[in-house]
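All of the numbers you see were taken from the coordinates with simple rules; none came from a lab. Since this is a predicted model, take the numbers as computed values, not measurements. All Cβ positions, even for glycine, are placed from backbone atoms using ideal geometry, and neighbour counts span all protein chains on display.
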Amino acid sequence: MLPVSDLPPVSSAVSVTGLVKQFGRFAALRGVSAEFAPGRLYAILGDNGAGKTTLLRALAGLTPPTRGTVSMLGTTDLRSVCGQLGYMAHPSLLYDEMSGMENLRYFARLYDVADSDLRCADVIRAVKLDPSLTRPVGQYSQGMRQRMSLARALLNDPKILLLDEPFSNVDVRSAQEMVKLLTGSRDAGKTIFVVTHQASLLEGAADEFVWMEAGQIVSRTPDLRATLETR
Amino acid sequence: MSTVGSLTRATLAKDLRLEWRSKDAINSMLFFSLLVVVIFSFSFDPTAEESRRIAGGLVWVAFLFAAVVALNQTWAREMRNQVLDAYRVSPAPPNALFLAKVIGNFIFVTVLQALMTPLFIVFYNLSALGPAYQLPIVAALGTWALVVNGTFFAAMSLRTRSREIMLPLLLFPISIPALLAMVEATSAILTGEYSARFWIVLLAAYDLVFTIASLFLFGFVLQAE
């Protein structure tokens with residue numbers, strides 16, 4: 001894993017070229033090419049099956065593309081920069097039998113986070129949860145689980161955040177707080193991708209709304225209303 | 001910087017904690033082995049001499065089947081909430097995860113053996129006529145052979161539709177040389193009729209080869225879709 005200071009300066013944080021992903025005969029991504037600038041918040045929108053989650057998983061290095069390349073922080077070797085990546089999936093990626101703090105302590109070890117207890121408590125507080133909560137995650141409400149999952153994604157202070165449906169099953173107030181946290185992270189220089197069906201939550205917060213359809217990016221605009229009107 | 005050793009310890013501690021809280025693997029293994037001991041004991045009602053001859057096979061077959069239960073559990077835990085993806089996107093080396101799982105399964109099966117061995121002795125009226133000190137060596141090497149292959153093939157069959165069936169189909173054929181060595185070594189020690197040395201060396205060689213091969217290949221298995 002390369003430390004951030006050793007990475008070459010890049011004009012785009014993420015760039016994808018001719019990305020194709022096929023599952024058998026079904027093409028989930030059909031030649032996606034795009035550049036994403038650093039320090040911006042991108043909302044990825046589209047109907048079910050448009051390829052949003054597949055694109056996010058390809059960026060995370062979880063789904064190897066059938067064709068095309070993904071370049072992240074100036075390298076196509078995603079393994080070398082995975083320490084600079086935060087990933088939140090639709091499932092929580094947490095162990096139900098352990099408390100939030102226990103979960104985060106374990107993941108902090110995987111990322112070699114310094115002062116891990118302090119950092120874990122900080123990110124748990126940042127998502128408005130209590131680090132001293134001893135209840136196992138399996139007994140959390142769905143909304144609490146989502147927030148703890150976001151805390152896990154933020155744990156390693158990543159340069160790039162990939163979030164799949166972070167607001168699903170979260171009440172409006174908590175979702176707005178999550179958006180505030182994300183805009184703060186964006187302002188601090190992180191590049192953030194949010195796949196969501198609740199685009200209105202990101203109105204005024206996202207720098208660009210990226211619309212996907214049938215495995216392709218069909219529009220990119222800073223104006224949500226314009227995006228939705230043309231769809 | 002975290003090393004493979006420290007990440008293995010962290011993952012092992014996490015797995016032991018999860019098992020302590022859920023007791024999924026150990027309860028199923030215990031129940032299964034207990035059934036095997038009792039059913040075989042009532043079915044055959046062997047004399048002490050016959051017991052010594054068949055016990056090696058019986059004990060290891062019981063542990064092999066019971067281990068499959070634990071091996072399936074170990075990865076099922078990682079698939080719940082897709083936690084395995086959290087490991088896959090982290091910079092942690094795949095080998096740390098694999099070693100932790102193997103050591104964890106080794107501990108579970110060893111605990112099972114410690115609990116079941118007295119029952120085997122009582123039900124089958126067993127006593128060793130050969131060098132009994134070799135039995136723990138055979139047990140350790142045999143258990144390692146089962147869990148190292150079992151953990152690897154359980155990971156391989158993770159994404160298949162019927163992984164509970166797939167694991168024995170992959171594991172049992174490749175375990176035949178190890179199983180043969182375990183059974184022969186145990187029988188040799190119990191009967192005292194021949195030396196177990198050759199079978200112990202074979203088992204050690206098998207462990208070495210399959211541990212190295214699994215460590216080498218696990219990264220590909222983990223990153224496979």
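Data table
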read-out	value
Charged-residue dipole, Cβ positions (Lys, Arg, Asp, Glu), segment B:4-223 about Cα centre, Debye nearest 20	780
Positive minus negative residues near B:A86 (Lys, Arg vs Asp, Glu; Cβ under 10 Å)	0
Exposure proxy order (Cβ contacts within 10 Å, fewest to most) of A:H90, A:H197	A:H197, A:H90
Charged-residue dipole, Cβ positions (Lys, Arg, Asp, Glu), the protein assembly as shown about Cα centre, Debye nearest 20	420
For A:E213, distant residues with modelled amide H under 5 Å away	A:V218
Most mobile listed residue (B:D15, B:D207, B:D85) in chain B, GNM with C-alpha springs under 10 Å	B:D85
Sorted by Cβ density within 10 Å, fewest first, the residues A:R25, A:R119, A:R57, B:R159	A:R25, B:R159, A:R119, A:R57
log10 of Debye I(q)/I(0), alpha-carbon scatterers only, for the protein assembly as shown at 0.08, 0.11 Å⁻¹	-0.55, -0.89
Mean separation of Cα contacts under 8 Å (6+ apart) over length of segment B:4-223, as relative contact order %	29
Residues whose placed amide H lies under 5 Å from that of B:G192, excluding near-sequence neighbours	B:L129, B:G130
Percentage relative contact order, chain A, counting C-alpha pairs under 8 Å, at least six apart	28
Long-range amide H partners of A:G86 with built H, under 5 Å	A:I160, A:L161, A:L162
In order through segment A:170-178: 3J(HN,Hα) via Karplus (6.51 cos²θ - 1.76 cosθ + 1.60), integer Hz, x for Gly, Pro	9, 5, 4, 5, 5, 4, 5, 5, 5
In sequence order, calculated HN-Hα J values of segment A:150-165 (Karplus, 6.51, -1.76, 1.60; Hz; x Gly/Pro)	5, 4, 5, 5, 8, 3, 8, 6, x, 7, 10, 10, 10, 10, 9, 6
Ranking of B:S127, A:S15, B:S33, A:S219 by count of other Cβ atoms within 10 Å, fewest first	B:S127, A:S219, A:S15, B:S33
Candidates per chymotrypsin sites (Phe, Trp or Tyr not before Pro) in segment B:191-225, loop by DSSP, up to 16 other Cβ within 10 Å	B:Y194
Lys pairs, the protein assembly as shown - Cα-Cα below 17 angstrom, 8 or more residues apart or on other chains	7
Average beta-carbon neighbours from other chains, 10 Å sphere, peptide A:145-153	1
